[in-house]
Amino acid sequence: MHHKTLLMCLLLLGTGCTINNDTNTEQPVSVSGTSLQTNKEVVMEMLAIFNERRIDDLDQIVATDFIKHGMPGRGPEVVAQTIQMLTGTFPDLQIEAQKMIAEGDLVSVLIHGQGTQSEAFMGNPSKGRSVTINSMDIFRLENSKIVEQWIVADQLGMLQQITGPQPDSGDKKLLKVELVSLFDAPVFLESVLADKDGALFVTSLFESKIYRIGSDGRRSLFFEAALGQGPALRGVFCLVAAPDGGLFVTINSPDPGQHGLWYINRDGEGKLFSPLPLDSIPNGIARLDDKTLLVADSGAGKIWRVNSINGEVSLWLNHALIAPRPFIGQFPGANGIQIHNNTVYVSNSDQNYIVSIPVSEDDTAGEPQVFLENMGADDFAIAADGTFYLTTHPYNTVVQVTPDGSRRTIASPDNGIIGPTAAYIHHNNGTPILYIVTDGGFYTLPADAPRPIAEQQPGVFRIRL
């Protein structure tokens, strides 16, 4: 059957709900003369048949003229088709009815299911993922048999799960992690940068602040943008050093007089340097040369080129490989951006890629290619030998990828890293130090409960490489 038809089959689903038994001896009666309790029990039997794969029992509770709206055909065989198709794709699918309401001849059920994809679904090959399925089903009954069914399924949620990032973090060999500075939760640290003297600058996204951490470990407020309250993405994002010792930082704001690339001098005084389009989401930033900055646009698959002398802005690249998934994207597209050996590397957090873009002799963009797959990185740093250090943020790992492609998890919650958002390599007397900032569990994946504030430990950490 066509994938669209299979999609419309979703969902019969759900058992495991408790039916509310009335204490009165007289049960409420439906329009057809059957008690509402009996109607609930019939629907529960339908759902039990699905979970137990008892297709031969369908004719006991499904009318011969049964109609499933949006599906061709009539009768129990329509239900049997659905069970066979769904269990063929998700063999271990088990479901439960979380809520059930009966009124008149209708029974409405809120259904939740979980199963592992084993076959291609909705045009997407299986990656062996566990998929959550949710739907609202309405059944109409006559004489203790189901005669009609309507379904509103969370198709978008399923597609997001099936196609979303799933990092391959390789083997685990954790390195020693040292604490540099711990912040009071809730704080979403977004970027880190070290100056030539070893002082660190750290952005706190939603606070719209930049902190300075001296070589003695003391932390002070360096800069604060007066952005006020607003959309979730309003705030101070990512940093790169300016040639004069100041900073360039990307700031998101609905105010066109604040949205874009800012310059912050060494005294912590800032101003908008290059306005960017309001529909852009300026995020990662890197220096191509002494006169050119590249800014990753997380919302539109673009990279902006900014002249760091006069602030002039032009489009450097617009490409699908650095865009989020259309309509169903859950994470940023172009996110972190770094330059190594005349090649620009960009993390596409939503498509699970690291993309490489060669730089032409005239500094224009060459043809983008997928450099690393199955790597849902937020940000990353590149060592001199070409080794990548990637922060996976909601996946709570820091992954090392060597030039030969070998992957290894070097940091995780097991050594104190939760919610790593960015990385930066600084050389101290010849020793490379990897700095990592985290949100401590401020943001978690939709399937997980957020960490309580009392358990969050956002901070700055380092690993001596």
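Residue selection: TYR345 satisfies the criterion of being within 26 Å of ILE328 (Cβ to Cβ) and either at pLDDT 95 or above or not assigned by TED's automatic domain parsing to the domain that holds PHE188 (or both). Here is the figure for the stretch 69-102: residues that are within 26 Å of SER118 (Cα to Cα) and outside any helix (DSSP H, G or I) total 12. Of the strands (runs of 3 or more DSSP E) lying entirely inside the stretch 200-301, those containing at least 3 residues that are of a type outside the set (Phe, Trp, Tyr) and surrounded by fewer than 21 Cβ atoms within 10 Å (Cβ to Cβ) are 219-224, 270-275, 282-289. So which of GLY301, GLY311, GLY333 ends up being more than 23 Å from HIS393 (Cβ to Cβ) and either assigned by TED's automatic domain parsing to the domain that holds THR387 or touching a Lys or Arg at 6+ places or on another chain (Cβ under 6 Å) (or both)? GLY311 is the lone residue from the list that is more than 23 Å from HIS393 (Cβ to Cβ) and either assigned by TED's automatic domain parsing to the domain that holds THR387 or touching a Lys or Arg at 6+ places or on another chain (Cβ under 6 Å) (or both). If I ask for residues that are touching a Lys or Arg at 6+ places or on another chain (Cβ under 8 Å) and modelled with pLDDT under 95, which ones from the stretch 443-465 would you list? Hit for the stretch 443-465 is THR444, nothing else. Looking across PHE50, PHE66, one residue alone is under 15 Å from ARG140 (Cβ atoms), modelled with pLDDT of 95 or more and outside any loop (DSSP other than H, G, I, E, B). It is PHE66. The residues on offer are GLY70, GLY75, and the sole one that is over 19 Å from VAL109 (Cβ atoms) and assigned by TED's automatic domain parsing to the domain that holds ILE151 is GLY75. Of the strands (runs of 3 or more DSSP E) lying entirely inside the stretch 397-465, those containing at least 2 residues that are among the small types (Gly, Ala, Ser) and in contact (Cβ under 8 Å) with a residue 24 or more places away in the chain span 420-428.
Selection within the stretch 417-442: residues that are among the small types (Gly, Ala, Ser), more than 15 Å from the chain's Cα centre (by Cα) and more than 20 Å from GLN338 (Cα to Cα). The member of this set that is modelled with the highest pLDDT is GLY440. Out of the stretch 365-379, which residues are crowded, with 17+ Cβ neighbours inside 10 Å and among the charged types (D, E, K, R)? Those that are crowded, with 17+ Cβ neighbours inside 10 Å and among the charged types (D, E, K, R): ASP378, ASP379.
Among the residues making up the stretch 353-368, those that are without any contact (Cβ under 8 Å) to a residue 40 or more places away in the chain and within 25 Å of the chain's Cα centre (by Cα) are TYR353, ILE354, VAL355, SER356. Scanning the stretch 310-336 for residues that are within 21 Å of GLY164 (Cα to Cα), assigned to a strand (DSSP E or B) and out of contact with any Phe, Trp or Tyr (no Cβ under 7 Å at 6 or more places or on another chain) returns ALA334, ASN335.
The values are calculated or read from the model by the stated rules, or taken from the named source; none is laboratory data. No experiment lies behind these values; they were computed from the predicted model shown. All Cβ positions, even for glycine, are placed from backbone atoms using ideal geometry, and neighbour counts span all protein chains on display.
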